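Q: This is the structure I have questions about; it appears just below.
The values are calculated or read from the model by the stated rules, or taken from the named source; none is laboratory data. Since the structure is predicted, the reported quantities are computational estimates derived from the model, not experimental observations. As a convention, Cβ positions derive from the backbone with ideal geometry for all residues, glycine included, and neighbour counts pool all protein chains shown. We work out accessible area using only protein heavy atoms, side chains counted, and drop any ligands, DNA or RNA first. Shrake-Rupley method; radii C 1.70, N 1.55, O 1.52, S 1.80 Å.
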Amino acid sequence: MENIIQPVLSIVAIINIILSLIIFSRGIRSFSDVIFGLIALASALWSIAIIGFYSEFYKFSVNWILITHFSAILIAFLFFVFSLYFPKKISLNRFVIYLYTIAFLIVNYFVFFTDIIIGDVFGNSYEISSGYLGYALLIMLYFLSGFFLLFKQYKSTKDTAQRKQIQYVFIGSFLSSTLAIIPDLIFPYLTIFSYTWLGPIFTLMMVISLFIAMLRYKLFSIKVIFTEIISVLIVIALLLEIFFVESTTELILKVIVLIILTIFSFLLVKSVYKEVTQREKIEKLATDLQKANDRLTELDKQKSEFVSFATHQLRAPLTAMKGYASLILEGDLGKLSTQIRNAITRIYDSSNTLTNIVDDYLNISRIELGTIKYSFETINLKDLVENVIAELKPNIEKSQIAFSFHSDPNKKFMVHADKDKFKQIVANLIDNSIKYTPSGSVAVSLEKKSEHGENKIVFSVKDTGIGIDPLVMPKLFAKFSRAENGNRQNIHGTGLGLFVAKEIVSSHKGKIWAESKGEGKGSAFFVELEEVI
Ligand code: ADP
């Protein structure tokens, strides 16, 4: 039995040291990091002390049994402190903390400098003194207080990740402390000393569970674990070799190699760890970005809602302005002087323009919110176009452009469409042609065509105006798109009309497009819808 104790405890000591080094290698982030490192080192010290106790070679050089007792109570005390700081700092009466610390110091004084707790050491056993019960109870008190603090921590947090961390710590420490108490505190009481070496092995469970909890298990990337396992195995293999050396020179040589390799393994794990944390940081940035994006989408939605609301409110007074201006112009409220007529005409035109702009914004916000509603009906597109032309007559006449409308008088142009929205599109296209044609002609037409056995109706507006630059063409129907030449010609445009038109036409399962041979060479706009027969 005894010949396996030393190799096994060496492994336990090495694992403890490596775990503490891993935590220290990430850079100390909190007090609980330090405490964990100390717990792991105390646990390693315990293993080493037991190795020393069983080793013939070192047996009498140090009082190893005192060191085992010191490290065992140190672990219990540190566990209590760890529970105060992990995962969060938790408040506890200062008096209790001072009392626990003083008790720790006093007990260790008794361990090292008196025989109140441990008496004489004989061979592989030792004498238990009357104060041993106090020592054992204090260890249990530290653990119980630690469990109580963990329970408090668990209650006070709603964070599922933190709760999981606490569970890890609790399960590991509870199992290892209850298991270790049997061979290390109860058995010696019954003068059974041959199992004390199990203590550090059970404690390793606690150290590992604390370690997992601290790394928040997500950092357990395969890469880090793999590097760690390989490094640990190499170091263990080298360590075991030390027990089989035949000369002092070989011992020195192997110890040097072991130290160098441990340092290199430490650096290797550290660098792999760094890589993993950097990747995590990037992942975090990506989620932050996603969050910011969600927030922006939400703000964008709120903006659309605001625009929708505001424009809706603007519509009613505008309709009143337009209505009264038209009433005055028609002479219903009495005769007008030329001066007043001109002024009212300006008011009428401006309120008309404003109504169109408001309608565009209203439509856009509804498109963006997905609340635009259509009421489809079967209509004769010819009637609709004629109505729009009649409404635009004052504009057409004012512009002194040669205007024409052509369609077969004997045919009907039946389509399935939202009348009001389509009126807006037709008005916008004709209005644009007039706006962007300083002089020349505008020809509107309605035609039928048959394509792949489907009957279509094509509405077109062709002008001899400023034309469209081929570079502008691809983004002509985009939101707020205004060409440079268009800007010069008509400074009041919004660049929304064509965007809205495209959206509405697509909802009608139709097509809208523009053609132009370039700047100054006129433009043509087409809308194609399926014919209803
Ligand atoms: P707005 O006319 O209010 O600027 P539109 O969306 O109706 O907005 O038109 C977008 C742009 O397309 C205009 O600014 C203009 O540059 C160009 N455009 C539209 N119709 C014509 C046309 N008939 N001839 C030349 N350019 C046009």
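Q: Of all residues in segment 491-518, which are more than 28 Å from Glu454 (Cβ to Cβ) and more than 9 Å from the ligand (Cβ to nearest atom)?
A: Hits for segment 491-518 are Ile491, Lys517, Gly518.
Q: Same structure again: Output the residues belonging to segment 406-423 that are within 16 Å of the ligand (Cβ to nearest atom) and either open to solvent by less than 50 Å² (accessible area, probe 1.4 Å) or part of a strand (DSSP E or B) (or both). Explain how you work it out, then say what you get.
A: In the first step, residues of segment 406-423 are kept if they are within 16 Å of the ligand (Cβ to nearest atom); the result is 421-423.
Within segment 406-423, Lys421, Phe422 meet the criteria.
Q: If a residue has to be open to solvent by 40 Å² or more (accessible area, probe 1.4 Å), part of a helix (DSSP H, G or I) and farther than 30 Å from Gln302 by Cβ to count, how many in segment 351-397 make the cut?
A: 10
Q: Just a yes or no: is a residue in segment 457-467 open to solvent by less than 40 Å² (accessible area, probe 1.4 Å), more than 10 Å from the ligand (Cβ to nearest atom), farther than 22 Å from Glu531 by Cα and assigned to a loop (DSSP other than H, G, I, E, B)?
A: no
Q: Just one of (1) out of contact with any His (no Cβ under 7 Å at 6 or more places or on another chain); (2) outside any loop (DSSP other than H, G, I, E, B); (3) more than 8 Å from the ligand (Cβ to nearest atom) trips up Leu529, so point out which.
A: Every listed condition holds for Leu529 apart from (1).
Q: Among (1) surrounded by fewer than 16 Cβ atoms within 10 Å (Cβ to Cβ); (2) touching a Phe, Trp or Tyr at 6+ places or on another chain (Cβ under 9 Å), which single condition is Ile171 missing?
A: (2)
Q: Right, here's the next one. So for segment 436-455 (the condition being within 16 Å of the ligand (Cβ to nearest atom), open to solvent by 50 Å² or more (accessible area, probe 1.4 Å) and either within 16 Å of Val385 (Cβ to Cβ) or assigned to a helix (DSSP H, G or I) (or both)), does at least one residue qualify?
A: No, the conditions are met nowhere in segment 436-455.
Q: Given the conditions (1) in a helix (DSSP H, G or I); (2) free of Cβ contacts under 8 Å to residues at least 60 places away in the same chain; (3) more than 19 Å from Ser71 (Cα to Cα), and given that Ala42 satisfies all but one, which numbered condition is not satisfied?
A: Of the numbered conditions (1) in a helix (DSSP H, G or I); (2) free of Cβ contacts under 8 Å to residues at least 60 places away in the same chain; (3) more than 19 Å from Ser71 (Cα to Cα), the odd one out for Ala42 is (3).
Q: Right, something else. Is there a residue in segment 296-315 that is among the small types (Gly, Ala, Ser), within 23 Å of Asn432 (Cβ to Cβ), touching a Ser or Thr at 6+ places or on another chain (Cβ under 9 Å) and modelled with pLDDT under 90?
A: no
Q: I would also like to ask the following. Could you check Val527 against (1) at pLDDT 95 or above; (2) farther than 24 Å from Lys382 by Cα; (3) not charged (D, E, K, R) and say which number it fails?
A: Only one criterion is unmet by Val527, namely (2).
Q: Failed condition for Ala292, given (1) modelled with pLDDT under 90; (2) surrounded by fewer than 14 Cβ atoms within 10 Å (Cβ to Cβ); (3) under 25 Å from the mean Cα position of the chain (by Cα); (4) hydrophobic (A, V, I, L, M, F, W, C), with all others met?
A: (1)
Q: Now for a separate question. Cβ-Cβ distance below 8 Å, separation of 6 or more or different chains: which pairs start in segment 473-484 with a residue that is open to solvent by less than 100 Å² (accessible area, probe 1.4 Å) and end on one that is more than 8 Å from the ligand (Cβ to nearest atom)?
A: Taking only residues 6 or more apart or on different chains, the pairs are Phe477/Lys502; Phe477/Ile512; Lys479/Ile364; Ser481/Lys475; Ala483/Asp469.
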